[in-house]
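**Q** Structure provided below as structure tokens; questions to follow.
The values are calculated or read from the model by the stated rules, or taken from the named source; none is laboratory data. Since we're looking at a predicted model, the values are computed, not measured. Cβ sites come from the backbone with ideal geometry, for glycine too, and all protein chains shown count toward neighbours. Protein only, heavy atoms only, side chains kept; ligands, DNA and RNA dropped before computing areas. Shrake-Rupley method; radii C 1.70, N 1.55, O 1.52, S 1.80 Å.
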There are 2 protein chains.
Amino acid sequence: MTSQDNELDKIRKLCDQAGMKLTPQRLEIFKELLSHEDHPSAELIFTKLRERLPTISLDTVYRTLASFDELGIIKKLNISNARTLFDTNIEQHHHFICTKCKRVEDIHWPDFDKANLPESVSALGSIQTRHLELHGICNQCLNKKNKG
Amino acid sequence: MTSQDNELDKIRKLCDQAGMKLTPQRLEIFKELLSHEDHPSAELIFTKLRERLPTISLDTVYRTLASFDELGIIKKLNISNARTLFDTNIEQHHHFICTKCKRVEDIHWPDFDKANLPESVSALGSIQTRHLELHGICNQCLNKKNKG
DNA sequence: TTCCTGATTAGGAATTATTCTTAATTAGGA
DNA sequence: TCCTAATTAAGAATAATTCCTAATCAGGAA
């Protein structure tokens, strides 16, 4: 059994549990997501998908990504006020965002994930997720600058 | 000299340094911002302002808020993919976002601000700001739930 | 298997936030 | 006071996303 078969099993189960029909569109969107390690937009998924599924509509992509977000299969990212990005990696992690080129890179910092929040913070309510955004200039942009 | 006079001096200087004319519109937008402790949207500032400056345009509000963001007087927040919010508090801090009522509350966590980032993270580039988003359910919403 | 029904889809229209365009006005220096 | 580049108001334009509707379809029941 390949890793993809494994993933396809997962989506079947998740849809079933949620009372959602596993339509060919949903399956293809899911497969497309599997092939993205990064943070694609709905538009990008739509464009890629249209090559092999010419009749798919952008609306379906948006709807499906929203459903997948609710199921916890992917995660919506509101990083800039341009298009929404979708994180295909749902393991706990954070992001570095280059203010020049807008590149978004994953960050892992398990020690921070484990750290207790201050009393004053946990007193605000029940905290479910923590997401750190680091903003700065990536090495690629720094190098360009030095050369130019 | 009142605290507001002090602030007005600040905006005068900042505009001057940036070669920006201090127009009445900019001054009024700045004053309006001073009266918001929270995270107003451009639309809200516009609506409030229109009561005493009936001819101001939404475009001017957007342009001015963008300029103020560039000058570091306020900070754009991309928290949801609905409207952009503006943070009138530019001291280093973080946010708690209630997933139910969308309330945004400031968080202060100086120990975290001082903490060193892992080697693997600082190696990505030059990191300028860190912003933590905690998502969860605020006490108000938790109480409603328990009562309902 | 075939039929049925509610869920889902495609496609385009609508909506919403934000930015752009343009002609008119104005702040602030000469 | 005059001049000029910067700024503004107003509405048009843009862009991302969502809504609407009729048609299609997945999967359960017979």
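**Q** Quick one: in region A:18-38, which of the residues that are within 15 Å of DNA strand D (Cβ to nearest atom) and small (G, A, S) is nearest to the other protein chains (Cβ to nearest Cβ)?
**A** Applying the filter and picking the extreme gives A:A18.
**Q** In region B:57-79, how many are outside any helix (DSSP H, G or I), without any contact (Cβ under 8 Å) to a residue 12 or more places away in the chain and open to solvent by 80 Å² or more (accessible area, probe 1.4 Å)? Working first, answer last.
**A** Here is the first cut: in region B:57-79, the residues outside any helix (DSSP H, G or I) are B:57, B:72-79.
Checking which are without any contact (Cβ under 8 Å) to a residue 12 or more places away in the chain leaves us with B:57, B:76, B:78.
Now drop any that are not open to solvent by 80 Å² or more (accessible area, probe 1.4 Å), which leaves B:76.
Result for region B:57-79: 1.
**Q** Now for a separate question. With the requirement that a residue be at the interface with chain A (Cβ under 9 Å from one of its Cβ atoms) and among the basic types (K, R), what does region B:115-148 give you?
**A** Within region B:115-148, just B:R130 meets the criteria.
**Q** Output the number of residues of region B:1-56 satisfying the condition of being open to solvent by 50 Å² or more (accessible area, probe 1.4 Å) and in a loop (DSSP other than H, G, I, E, B).
**A** 12
**Q** Has region B:96-114 got at least one residue that is within 15 Å of DNA strand C (Cβ to nearest atom), within 14 Å of chain A (Cβ to nearest Cβ) and more than 25 Å from A:S122 (Cα to Cα)?
**A** Residues of region B:96-114 within 15 Å of DNA strand C (Cβ to nearest atom): B:102, B:104.
Restricting the remaining residues to those that are within 14 Å of chain A (Cβ to nearest Cβ) gives B:102, B:104.
Imposing the further condition that a residue be more than 25 Å from A:S122 (Cα to Cα) reduces the set to none.
No.
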